[in-house]
Amino acid sequence: SHHATPKKNKKFKGDIRSPGVPSRVIHVRKLPNDINEAEVIYLGLPFGKVTNLLMLKGKNQAFLEMNTEEAAQTMVTYYSSVTPVIRNHPIFMQYSNHKELKTDSSPNQVRAQAALQAVNAVQTGSMTLGAVDPSGLTGPSPVLRVIVENLFYPVTLDVLHQIFSKFGTVLKVITFTKNNQFQALLQFVDGLTAQHAKLALEGQNIYNGCCTLRISFSKLTSLNVKYNNDKSRDYTRPDLPTGNSQPTIEHHAVAAAFAAPGIISAAPYAGAHAFPPAFAIQQAAGLTIPGVPGALASLTIPGAAAAASRLGFPVLPGTHCVMLVSNLNPEVSSSQSLIDLESVYGDVLRVKIMFNKKENALIQMSDGTQAQLAMSHLNGQKLYGRPLRITLSKHMTVQMPREGHKDQGLTKDYSNSPLHRFKKPGSKNYSNIFPPSSTLHLSNIPPSVVEDDLKMLFASNGALVKNFKFFQKDRKMALIQMGSVEEAIESLIQFHNHDLGENHHLRVSFSKSII
């Protein structure tokens with residue numbers, strides 16, 4: 001088995017001292033079977049000099065002695081908030097009740113001493129080398145430069161730290177915006193870990209279909225962090241002041257001077273094909289990255305699920321809630337059809353169809369997140385034969401016509417509409433946001449309405465109904481599959497809020513399921 005048997009552990013518990021009493025010696029448990037000395041030493045290196053090591057391989061445990069109690073304390077504190085993972089094994093540690101390690105000349109110990117010397121040689125060697133040439137013999141830099149493309153949701157320093165920590169200890173992070181791109185510099189314990197993280201994460205999306213990671217090695221080999229705040233952090237120095245939250249000019253200068261040349265960005269959404277297309281934001285919150293077994297699969301990012309909801313979700317600076325929709329088909333598009341479609345992704349407050357160019361409309365959502373959601377899901381989708389073009393407008397609001405001015409009813413205000421789906425904070429409608437698909441989810445169906453009634457209703461505008469299924473547990477809900485995504489979009493517009501009698505208005509949204 002990968003872990004020591006419970007019996008052995010029990011006998012061994014004698015060593016585990018109450019975690020509150022600091023000691024230079026740290027007891028490390030639950031190590032993988034094939035662990036090597038260097039990997040254990042690397043756990044301690046970021047926090048100070050490792051002066052001794054005792055490996056208990058049969059028990060999947062080790063003792064690590066640091067040069068000062070302070071170093072040991074910083075290490076235990078750090079790892080109590082960030083569980084270190086080696087080859088998908090979470091590792092646990094606490095202070096030992098040994099004040100120092102006695103070593104003997106057993107083969108086991110000789111190996112440990114040799115490993116210590118080798119690691120120390122590498123450490124002091126790389127210190128004197130100054131800049132590490134990523135292509136040179138010294139190996140890759142421990143500092144990665146990360147650019148986040150398609151930033152539809154804010155990515156925080158904590159989110160980055162959580163993702164990259166899955167590969168090893170992240171010592172320092174600096175985030176900044178440069179060339180209108182959100183970027184970060186992350187310093188790992190060593191170049192090997194950085195290389196591993198880069199290989200696994202390059203081109204992956206943090207959230208479904210957006211926030212794509214572009215990663216290169218930085219020319220910097222260590223970061224100088226002055227403040228611990230939401231822009232920069234040095235995890236080895238919890239004592240740093242918070243400063244003010246503005247990144248210092250120096251960070252920008254450092255980043256500008258040392259950052260590797262811009263990475264050639266692949267087509268946007270390059271990583272998106274790896275995900276099933278109808279992937280809810282709720283699920284995207286549990287980041288799944290192909291090819292990283294279990295490491296990120298289990299990662300849930302606090303706030304990613306909320307990224308789609310307004311619950312404490314910071315709207316990106318400069319994120320507008322007004323979209324410009326163009327290439328509409330003026331014969332059939334109306335403000336009502338736009339409302340019905342956009343309301344799947346958020347609450348529409350106002351719509352203005354342009355007086356002199358009826359192919360264009362402005363749509364104001366209730367917040368920037370909803371506008372981003374609607375834009376990312378609907379841009380390029382066909383509506384009445386024409387692909388929609390959606391961009392963010394520079395207008396902050398849609399103005400109502402002045403008193404006494406008639407604009408032929410082209411501007412409509414829906415702020416007080418009773419039909420808003422997302423009025424309630426944390427509404428479960430947030431977890432049912434999916435890209436347009438040919439299968440529609442129907443709800444609020446009265447008991448008297450049967451399958452044929454609904455099939456006939458949806459076929460009444462000439463669309464093809466391919467399939468239909470009531471939910472087994474709840475007959476108020478059903479799935480209906482249309483001939484194409486475009487037909488489904490038009491059916492949603494036509495029949496969302498359709499009166500089915502008995503005071504039941506049909507609710508229609510896109511489904512991730514296929515019948």
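The values are calculated or read from the model by the stated rules, or taken from the named source; none is laboratory data. On a predicted model such as this, the values are computed, not experimentally measured, just so you know. In this analysis, Cβ positions are derived from the backbone assuming ideal geometry, glycine residues included, and neighbour counts consider all displayed protein chains. Side chains included, ligands, DNA and RNA excluded: accessible areas come from the protein's heavy atoms. Shrake-Rupley method; radii C 1.70, N 1.55, O 1.52, S 1.80 Å.
Kindly establish whether Gln472 is loosely packed, with under 14 Cβ neighbours inside 10 Å and not acidic (Asp, Glu). It is true that Gln472 is loosely packed, with under 14 Cβ neighbours inside 10 Å and not acidic (Asp, Glu).
Counting the residues of the range 205-218 that are buried (at least 23 other Cβ atoms within 10 Å of the Cβ) and not in a strand (DSSP E or B) gives 2. Here is the figure for the range 475-508: residues that are part of a strand (DSSP E or B) and open to solvent by 20 Å² or more (accessible area, probe 1.4 Å) total 4.
Among the residues of the range 311-334, is there at least one that is under 21 Å from Asn416 (Cα atoms) and modelled with pLDDT under 85?
Yes, the range 311-334 contains a residue that is under 21 Å from Asn416 (Cα atoms) and modelled with pLDDT under 85.
Among the criteria (1) modelled with pLDDT of 90 or more; (2) assigned to a loop (DSSP other than H, G, I, E, B), the one Thr221 does not fulfil is (1).
Restricting the range 139-169 to residues that are polar (S, T, N, Q) and not in a loop (DSSP other than H, G, I, E, B), the residue that is most open to solvent (accessible area, probe 1.4 Å) is Gln162. Taken as a whole, the range 458-475 holds at least one residue that is out of contact with any helix residue (DSSP H, G or I) (no Cβ under 9 Å at 6 or more places or on another chain) and of a type in the set (Phe, Trp, Tyr).
Report yes if Gln183 is in a helix (DSSP H, G or I), polar (S, T, N, Q) and either in the same structural domain as Glu69 (by the TED database) or touching a strand residue (DSSP E or B) at 6+ places or on another chain (Cβ under 9 Å) (or both), otherwise no. Full working, then the answer.
Values: in a helix (DSSP H, G or I): no; polar (S, T, N, Q): yes; either in the same structural domain as Glu69 (by the TED database) or touching a strand residue (DSSP E or B) at 6+ places or on another chain (Cβ under 9 Å) (or both): yes.
No.
Can you work out which of the residues in the range 337-375 that are in a loop (DSSP other than H, G, I, E, B) and under 31 Å from the mean Cα position of the chain (by Cα) is surrounded by the fewest Cβ atoms within 10 Å (Cβ to Cβ)? Among those residues, the one meeting the criterion is Ser366. Within the range 170-190, the residues that satisfy the criterion of being open to solvent by less than 10 Å² (accessible area, probe 1.4 Å) and not aromatic (Phe, Trp, Tyr) are Val170, Val173, Ile174, Thr175, Gln183, Ala184, Leu185, Leu186. Of note, Lys99 does not satisfy the criterion of being open to solvent by 30 Å² or more (accessible area, probe 1.4 Å), in contact with a Phe, Trp or Tyr (Cβ under 7 Å, 6 or more places away or on another chain) and in contact (Cβ under 8 Å) with a residue 12 or more places away in the chain. Evaluation of Ala459 against the conditions (1) of a type in the set (A, V, I, L, M); (2) under 21 Å from Ser343 (Cβ atoms); (3) without any contact (Cβ under 8 Å) to a residue 12 or more places away in the chain shows that the sole unmet condition is (2). If you go through the range 191-244 and keep only what is charged (D, E, K, R) and either in contact with a Gly (Cβ under 8 Å, 6 or more places away or on another chain) or farther than 27 Å from Ser80 by Cα (or both), you end up with Glu202, Arg214, Lys219, Lys226. Looking across the range 6-56, the residues that are surrounded by fewer than 19 Cβ atoms within 10 Å (Cβ to Cβ), more than 34 Å from the chain's Cα centre (by Cα) and at pLDDT 85 or above come down to Val21, Pro22, Lys49, Thr51, Leu56.
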